[in-house]
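Here's the structure we're looking at; comments come further down.
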Amino acid sequence: MAAKPKLCYFRGRGRMESIRWLLAAAGVEFEEEFIETREQYEKLQKDGRLLFGQVPLVEMDGMVLTQTKAILSYLAAKYDLYGKDLKERVRVDMYADGTLDLMMMIALAAFKTPGEKEENLALVVKKAKTCYFPAFEKILKDHGEDFLVGNKFSWADVQLLEAILMVEELDASVLSDFPLLKVVCEQPHKAQEAMNRDKDFSKICLQAFKTRISSIPTIKKFLQPGSQRKLPPDSHYVKTVRKVLQL
Amino acid sequence: MCAFPGVENPGDSIMAAKPKLYYFDGRGRMEPIRWLLAAAGVEFEEEFLETSKDLEKLRNDGSLMFQQVPMVEIDGMKLVQCRAILNYIAAKYNLYGKDTKERALIDMYIEGVADLNEMYLFWSISPPNEQAAKMTQMKDKIANCYLPAFEKVLKSHGQDYVVGNRLSRADIHLVELLYTVDELDPSLLANFPLLKALKTRISNLPTVKKFLQPGSPRKPPLDEKNLAKVKEIFQLK
């Protein structure tokens with residue numbers, strides 16, 4: 001029986017969280033080794049397991065992989081979450097990279113001074129509302145399908161849900177700003193009516209997307225307490241990372 | 001402008017349209033794409049942004065999915081996000097290894113190159129008083145982290161190419177980086193014989209050789225005049 005993938009990172013989201021999400025979405029169990037001290041980190045480097053001296057590190061299928069996007073691409077291909085051909089794959093890549101940009105801004109904000117952090121996070125919410133989420137809303141609206149690419153669940157859907165939830169942690173109302181979503185969110189009793197009347201309506205908004213993807217059994221399991229999903233970065237996490245990486 | 005096939009001029013179907021690159025007239029984030037297309041022997045056109053109004057127009061046209069360039073029109077699609085664009089080109093022109101495991105290795109190596117390219121990019125647009133410190137940091141990473149890592153990869157298999165004993169995008173992106181390193185400080189490459197040999201070997205491939213000649217679409221480093229233009233286009237401080 002194949003060994004489970006082994007993840008090596010800090011006990012927090014950072015650059016590893018998207019990898020956890022993708023493995024979980026694919027229904028793949030994984031183990032984690034948490035870096036807590038500078039000594040652990042130096043040992044990893046000395047052992048030659050970190051190609052460029054950096055984590056995330058994932059060991060699987062006989063490979064020692066670093067570089068977040070390399071790992072995510074490998075997982076997406078392995079678990080058939082990368083579209084059916086080259087043209088679908090490029091769309092998955094485009095959408096995934098867009099959401100990764102957004103989520104990286106949030107991850108990096110945790111390491112700024114309090115004033116800068118607030119400013120950066122406000123900018124993230126603004127970008128989500130004015131640039132990223134409208135782009136995805138349009139994609140869903142234009143094809144009217146349940147998933148972002150090729151009418152099939154892919155890495156892009158996992159990343160978008162992850163990004164939506166992360167931005168909602170900063171501003172719970174972020175999805176309700178979309179005109180198409182106003183009925184769904186502000187007048188739920190009317191929304192149900194509208195959705196019952198016109199099944200297609202419920203398919204074309206981000207709020208419905210969020211509900212739909214969250215209900216997928218593997219994702220639902222990952223969203224429950226006790227899963228390997230990590231919490232937003234707190235001061236303890238920031239302190240640990242700074243100490244280990246000597247930032 | 002329609003981003004999907006089926007609405008083209010009938011005449012176009014006889015000969016596929018050349019890819020068209022939308023960016024400013026400089027390296028920035030588009031240069032690896034130019035290198036890869038050139039290495040694959042693919043001719044392309046370029047539309048250069050000259051002012052922030054040009055960028056505004058592209059945004060208003062709905063041509064830029066996340067309101068950013070680079071953007072490449074290819075095969076009836078308007079692609080954004082460098083990695084997505086490069087992945088597409090590499091796969092299409094068979095420069096992405098033979099299977100997912102080779103691809104994972106290629107990806108790991110080129111993401112390292114991309115990280116260093118980011119450092120270079122930010123150095124080139126940072127204020128003069130910050131550049132010295134950034135240069136020191138960059139040279140340190142080049143000399144003590146990246147070049148040793150790649151030299152070790154080449155040494156481990158002793159083959160002519162970085163992955164899978166045949167030409168891939170890993171060779172192209174790495175050699176592009178070696179040229180940049182050479183521009184910054186030729187002495188940085190002194191202790192890396194295998195990397196120097198790779199650079200020579202890849203530079204002699206006909207398509208790459210052509211790209212390295214004057215008059216090709218290859219762009220020079222950012223000078224003062226173009227730096228001012230970049231800051232205006234992207235409204236940087």
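Observations, loosely collected:
- Rounded D (µm²/s) - the range A:16-70, Kirkwood Rh over Cα pairs, Stokes-Einstein at 4 °C, 1.567 mPa s: 106 µm²/s
- On Cα atoms only, tilt of A:114-127 relative to the major axis of chain A in degrees: 40 degrees
- Pairs of Lys residues in the range B:169-237, spaced 8 or more positions apart or belonging to different chains, with C-alpha separations under 20 angstrom: 11 in total.
- Under-5 Å amide H pairs with A:Glu33, H placed in peptide plane, nonlocal only: A:Leu7, A:Cys8, A:Tyr9
- For the residue pairs A:Lys69/A:Lys112; A:Lys87/B:Lys98; A:Lys46/A:Lys112, the C-alpha atoms sit more than 28 angstrom apart in A:Lys46/A:Lys112.
- The spread of Cα positions in the range B:70-115, taken along each principal axis and listed from longest to shortest, comes to 30, 24, 11 Å.
- Using a probe of 1.4 angstrom and keeping all protein chains present, the accessible surface of chain B works out to 49 square angstrom per residue.
- Per-bin percent of Cα-Cα distances, the range A:53-102 [10 Å]: 23, 49, 27, 1
- Measuring nothing but how far apart in sequence close Cα pairs (under 8 Å, 6+ apart) lie, relative to its length, chain A scores a relative contact order of 26 percent.
- Highest mean packing first, where packing is the average number of other Cβ atoms within 10 Å per residue, the peptides B:51-58, A:240-247, B:163-170, B:75-82 line up as B:163-170, B:75-82, B:51-58, A:240-247.
- The residues neighbouring A:Asp85, those whose beta-carbon lies less than 15 Å from its own, together hold a net charge of +2 under the Lys/Arg +1, Asp/Glu -1 convention.
- Neighbouring Cβ atoms from other chains, within 10 Å of the Cβ of residues in A:64-71, number 5 on average.
- Estimated FRET transfer efficiency (A:His143, A:Lys221; beta-carbon r; R0 25 Å; 0.05): 0.35
- Fraction of alpha-carbon pairs over 44 Å apart in the protein assembly as shown - percent: 13 percent
- Mean per-residue shielding of peptide B:105-112 is 6, counting Cβ atoms of other chains within 10 Å of each Cβ.
- Net length gained if the chain between A:Thr211 and A:Glu32 were fully extended (0.36 nm per residue, minus Cα distance): 61.6 nm
- For B:Asp107, net neighbour charge (Lys/Arg +1, Asp/Glu -1) across residues whose Cβ lies under 10 Å away: +2
- Solution diffusion estimate, µm²/s, Stokes-Einstein, the range A:1-116, Kirkwood Rh from C-alpha pairs, 10 °C, viscosity 1.306 mPa s: 103 µm²/s
- Stokes-Einstein translational diffusion, chain A - Kirkwood Rh over all Cα pairs, 0.890 mPa s, 25 °C, in µm²/s: 128 µm²/s
- Cα-based shape type of the range B:163-237, given that a ≥ b ≥ c are square roots of the gyration tensor eigenvalues and the cut on a/c is 1.5: prolate
- Table column - 3J(HN,Hα) (Hz), the range B:112-118, Karplus curve with 6.51, -1.76, 1.60, x for Gly and Pro: x, 4, 4, 4, 5, 4, 4
- Share of carbon and sulfur in the accessible heavy-atom surface of the protein assembly as shown [1.4 Å probe, %]: 54 percent
- Cut-off under 5 Å, modelled amide H: who pairs with B:Leu49 long-range: B:Tyr23, B:Phe24, B:Asp25
- Of all lysines in the structure, the ones whose alpha carbon falls short of 16 Å from that of A:Lys117, not counting any fewer than 8 places away in one chain, are A:Lys126, A:Lys127, A:Lys239.
- Among the listed pairs A:Lys6/A:Lys220; A:Lys138/B:Lys78; A:Lys243/B:Lys139; B:Lys20/B:Lys78, those beyond 18 Å (Cα-Cα): A:Lys6/A:Lys220; A:Lys243/B:Lys139
- Backbone geometry of the range A:141-153 corresponds, through the Karplus equation with coefficients 6.51, -1.76 and 1.60 at θ = phi - 60°, to 3J(HN,Hα) couplings of 5, 5, 9, x, 8, 6, 10, 5, 10, x, 6, 8, 4 Hz, x marking Gly and Pro.
- Taking the alpha carbon gyration tensor of the range B:1-160, multiplying each eigenvalue by 5 and rooting it gives semi-axes of 32, 24, 11 Å, largest first.
- From phi via Karplus (6.51, -1.76, 1.60), per-residue ³J(HN,Hα) for the range B:164-175 in Hz, x at Gly/Pro: x, 6, 7, 4, 9, 4, 4, 5, 5, 5, 5, 5
- Cα-based shape type of the range A:115-174, given that a ≥ b ≥ c are square roots of the gyration tensor eigenvalues and the cut on a/c is 1.5: prolate
- Calculated accessible area for chain A comes out at 47 Å² per residue, all protein chains present (probe 1.4 Å; ligands, DNA, RNA ignored).
- Close amide H pairs (under 5 Å, H built 1.01 Å from N) link B:Leu79 with B:Val72, B:Glu73, B:Ile74, residues at least 5 positions away or on another chain.
The values are calculated or read from the model by the stated rules, or taken from the named source; none is laboratory data. Just so it is clear, the model here is predicted, and its values are computed rather than measured. Neighbour counts are summed over all protein chains in view; Cβ atoms, including those assigned to glycine, are modelled from backbone coordinates with ideal geometry. Ligands, DNA and RNA are excluded from the accessible area calculation, which covers all protein heavy atoms including side chains. Shrake-Rupley method; radii C 1.70, N 1.55, O 1.52, S 1.80 Å.
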